[in-house]
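Each remark here refers to the structure printed beneath this line.
The values are calculated or read from the model by the stated rules, or taken from the named source; none is laboratory data. Source: prediction; values computed, not measured. Please note: Cβ atoms are built from the backbone with ideal geometry, for glycine as well, and neighbour counts cover all protein chains shown. Accessible surface is based on the protein model in full, side chains and every heavy atom, while ligands, DNA and RNA are left aside. Shrake-Rupley method; radii C 1.70, N 1.55, O 1.52, S 1.80 Å.
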Amino acid sequence: MDNDFLTLIKRIKEVKDLDELNDLKELSDNFLRNKKREAILTLLSISEEMGEEEILKSINDLSGYLKSIARQGS
C-alpha cells in the first residue's frame, strides 16, 4: 500500500480540531495531485501501445460505470 495513503489515513484518525483539519486538507490535496500526475504519466506511457481511441473508450466506459454507482447511492 502507498505510504502517502497510509500517512493520510493515520492523520485522519488523529484529527482533534479545525486547525488539524486544515492541515489534513492540504495533505490530502497533495496526495490527490500526486495520484493524478501518476495517472497521467501512466496514460502517456501506454498511449502508444493502446492508442487514443482505446484510451477514450476505456475512459467513457469507466465514466458510465461511475455514473451507475452514483445513481445506486442516491
Give me the pairs: first residue in the range 26-41 and among the hydrophobic types (A, V, I, L, M, F, W, C), second residue open to solvent by less than 60 Å² (accessible area, probe 1.4 Å), beta-carbon distance under 7 Å, and six or more apart or on different chains, which are they?
Leu27/Leu8; Phe31/Leu8
Can you tell me which residue in the range 39-48 is least open to solvent (accessible area, probe 1.4 Å), limited to those that are more than 10 Å from the chain's Cα centre (by Cα) and not acidic (Asp, Glu)?
Ser47
Suppose we filter Lys36, Lys57 for residues that are within 24 Å of Ile9 (Cβ to Cβ) and surrounded by 10 or more Cβ atoms within 10 Å (Cβ to Cβ); which single one remains?
Lys36
